[in-house]
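Heads up, the thing below is written out as structure tokens.
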Ligand code: G4P
């Protein structure tokens with residue numbers, strides 16, 4: 001096996017998704033501790049309100065103690081090279097979060113055992129399903145009072161429409177949490193809390209061991225035997241093929257904070273996930289073990305470091321080996337380029353790299369030549385990865401500069417931020433750029449947009465939120481789009497490809513307009529073209 005093949009084989013690239021506070025940061029931190037990537041807890045996130053600035057690039061993030069932008073981390077564990085893509089679960093997250101999922105090969109969904117499936121989990125989950133990637137569930141906080149595990153699994157199945165397979169089963173919860181029963185190995189991992197340090201004390205014991213009743217109490221033991229029987233009889237079989245296609249989610253119970261079940265989860269997860277997956281480029285499928293380098297841009301982030309005023313394009317390496325010495329072909333531009341300052345990112349730390357392999361995420365300095373969805377590949381090859389979908393914004397505002405003399409900076413800043421994909425911009429037909437309609441996936445992006453215009457472009461803006469929540473692109477209409485009957489709460493706008501779209505305040509008005517304009521056909525997504533303004 002060529003060296004690059006063994007490197008690719010050991011790579012695992014996944015995203016962690018959760019609703020805020022479910023424990024994603026804590027779990028990530030424990031992974032990094034096991035991998036030796038960090039030496040102590042609290043590096044990824046400090047105590048409340050003093051959250052370390054590791055993955056908080058922007059001032060606004062620090063102020064709010066939340067992570068707006070997604071970050072990437074790489075670490076080694078048990079011979080694997082693991083890339084974790086962090087997706088902010090904050091309710092105000094952006095389209096960026098969705099795009100980050102495009103770079104992952106699987107997802108770990110963290111669920112709070114007391115709360116079950118929550119709103120942001122649902123949203124992120126939808127995107128994972130769209131890609132058919134494997135989804136692993138970690139039901140966290142078992143050291144606290146939790147809901148019944150059967151009920152939790154049922155909720156995941158019902159709410160998210162995916163089957164579940166409990167790989168392990170919890171024994172008690174809260175103060176009475178005794179550990180988990182590992183179903184395939186038919187043994188109990190009994191944990192003793194030791195305050196969350198690196199290795200939790202775990203004792204392994206068979207289900208039929210005569211000492212078990214003494215260890216966990218006779219009532220707990222009987223309950224466990226009953227539950228295991230019920231599980232074996234009632235749940236669906238473990239089918240790796242269905243896991244790989246995102247139809248069956250392996251479920252693990254544990255407690256990230258106290259280290260219960262984290263390492264067994266990581267180990268099983270690494271065995272169950274695959275090396276980097278292939279990606280489609282039209283008719284072709286580009287396999288990760290293909291010797292020629294290829295990658296796509298899934299995220300662009302400007303001014304990550306204010307002192308440098310730089311702009312970084314994040315690439316997911318799809319195939320082969322990236323060699324910093326060699327030129328690559330920028331397919332859309334039809335140019336050969338050398339990627340400038342390729343770097344691996346560990347939250348805010350950056351390390352210049354010489355090479356990377358399929359599955360890795362690298363950041364490269366972007367002088368303004370990249371757009372989301374761009375393909376890079378070894379010279380001599382020519383294909384374009386299927387574009388990253390544009391996600392429909394859910395909040396809209398009418399925006400204009402306070403000072404009309406700042407119009408130029410306003411346009412430049414707005415366009416650049418839109419190019420990064422942090423916001424989407426729309427025009428009102430027949431008007432200039434004095435005023436734009438900004439659409440975002442999460443309302444926090446409005447604040448980020450305003451903040452960045454002020455700090456990076458020196459423009460104060462006036463923003464008026466609009467009541468629209470739904471956007472539909474016009475796919476077909478017999479006649480002039482200006483004649484479409486819109487009712488009282490619909491609005492016609494244009495995107496920057498010159499395509500017409502309609503904004504609506506409610507699903508009811510979408511239906512009303514479709515009913516009144518029989519030849520009108522609407523699409524929910526803005527096509528799947530790359531974003532090129
Ligand atoms: P997030 O990234 O998904 O938003 O969640 P995060 O890890 O920040 O965890 C949210 C809160 O839940 C934190 O408490 C964290 O310590 C706690 N937590 C995480 N995992 C567990 C667990 O397994 N058991 C228990 N009991 N708590 C857990 P906090 O008080 O909000 O923050 P901090 O003061 O601990 O930093």
Counting only DSSP beta bridges fully inside segment 102-207, the antiparallel percentage to nearest 5 is 70
Cα long-axis angle, helix 149-160 against the chain (0 to 90 degrees, to the nearest 10)
20
What share of the DSSP beta bridges in the chain is antiparallel, in percent to the nearest 5?
75
To the nearest Å, what is the center-to-center distance of segment 230-290 and segment 116-152, using C-alpha atoms only?
14
Please give the FRET efficiency for residue 475 paired with residue 383, using the beta carbon to beta carbon distance and R0 = 41 Å, rounded to the nearest 0.05.
0.90
Report the extension gain between residue 489 and residue 335 in nm, rounded to one decimal, defined as 0.36 nm multiplied by the number of residues separating them, less their alpha carbon distance.
50.8 nm
By how many degrees, 0 to 90 and rounded to 10, does the Cα axis of helix 507-516 deviate from the longest principal axis of the chain?
50
Per-residue ellipticity at 222 nm attributable to helices in the chain (runs of n ≥ 4 DSSP H, -39500 (n - 2.57) apiece, nearest 500 deg cm²/dmol) works out to -7500 deg cm²/dmol
Take the alpha-carbon centre of segment 413-434, take the same for segment 467-494, and report the distance between them in whole Å.
19
So, with points 7 Å from each Cα along the Cβ direction, the residue 464-residue 408 label distance in nm works out to 2.8
Let me have the relative contact order for segment 103-242, percent, based on Cα pairs under 8 Å that are six or more residues apart.
16
Dividing the mean separation of Cα pairs under 8 Å (6+ apart) by the residue count of the chain yields a relative contact order in percent of 13
Could you tell me how many degrees, from 0 to 90 and to the nearest 10, lie between the Cα long axis of helix 262-272 and the main elongation axis, the longest principal axis, of the Cα atoms of the chain?
70
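None of the figures in this text is laboratory data; all of them are computed from the coordinates on show. What you see is a predicted model, and the numbers here were worked out from it, not measured in a lab. FYI the Cβ positions are ideal-geometry reconstructions off the backbone, even for glycines, and counts take in every protein chain you see.
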